[in-house]
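For reference, the structure is listed below as structure tokens.
Each value in this text was obtained by applying a stated rule to the coordinates, not by laboratory testing. Small disclaimer: the values here were computed from a predicted structure and weren't measured. When we count neighbours, we look across all protein chains shown, and the Cβ atoms used for this are built from the backbone with ideal geometry, even at glycine.
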Amino acid sequence: MEKIDKLIETSEKVFNDRVQNAAVPFAVGNGGDDEDDVSFGGLGEEVLEFTPEKETVLHEQALDAAAKERSRQHIEKRKKNRIMVGVHNGVLNPLLPDFVYPEKMNLKEMIDLWLVGNRAEHVPPLRVVTAKQVSHFDKKSRRLHDMRQVMNIIQKMAVDKGVWKPRRAGDDYWNSKTVLDMWNGIYDTVSPYLMTVTKRAGQADSTHKSRPDDQAWRTTLRKFKAAIKKGDLVL
């Protein structure tokens, strides 16, 4: 509204200034005695051109420019908040446009997607997604269920290390920085499950082939489950 008022004020000021200038349609000429020796200085044309109709046109142009600016700001705001449209009090609005999971994710990427989402890909935080909202591409929400299992384990590790979300923190606590801080806090605990162990007869186990950043999150889940079954990982 401030910009609109400024544009309208500008158009009115232009009109008032030009009317004031036109109030003296002629000026005394070169100081001669001839009363007819006068100069209009081009003001005659200005008075003829600047009519009430032109004032209306300038006013409408200012209003039109203000409306366009307001529309531009609205579009920019929607683009900026697109991923969060429909998320209210931690619940995802079912009218949010459809999205799909990325085809490949490592554990860290999955954690980011679960807690924060992906604004560039228009993916909301998966922690607020329900099974019904992914049923069009995640049959029986199996992948969503698997991700929730992984996050239950990650949360347990983070709580034990004291790096999980504070009890009184709101739903907006998680962002790229807080997730990274949590990840760094649990990395020593989770890293053994990101390693590929190579066994050779008569030799010690080796992890030289490990590529932690390339290991799919579902592979990590299988290792979590195996460790739980053996009793090495307790929830």
Links exceeding 19 Å between C-alpha atoms in this model, out of Lys108/Lys229; Lys108/Lys161; Lys156/Lys229; Lys108/Lys165; Lys104/Lys156; Lys156/Lys225, come to Lys108/Lys229; Lys104/Lys156
Simple SL model, points at 7 angstrom along Cα→Cβ for Phe137 and Asp160; separation in nm is 3.5
For 168-177, 155-164, 109-118, 123-132, ranked highest to lowest by mean beta-carbon neighbours within 10 Å, the order is 109-118, 123-132, 155-164, 168-177
Diffing region 113-118: the Karplus 3J(HN,Hα) column from phi (6.51, -1.76, 1.60, θ = phi - 60°), in whole Hz with x for Gly and Pro, holds 5, 5, 8, 10, x, 9
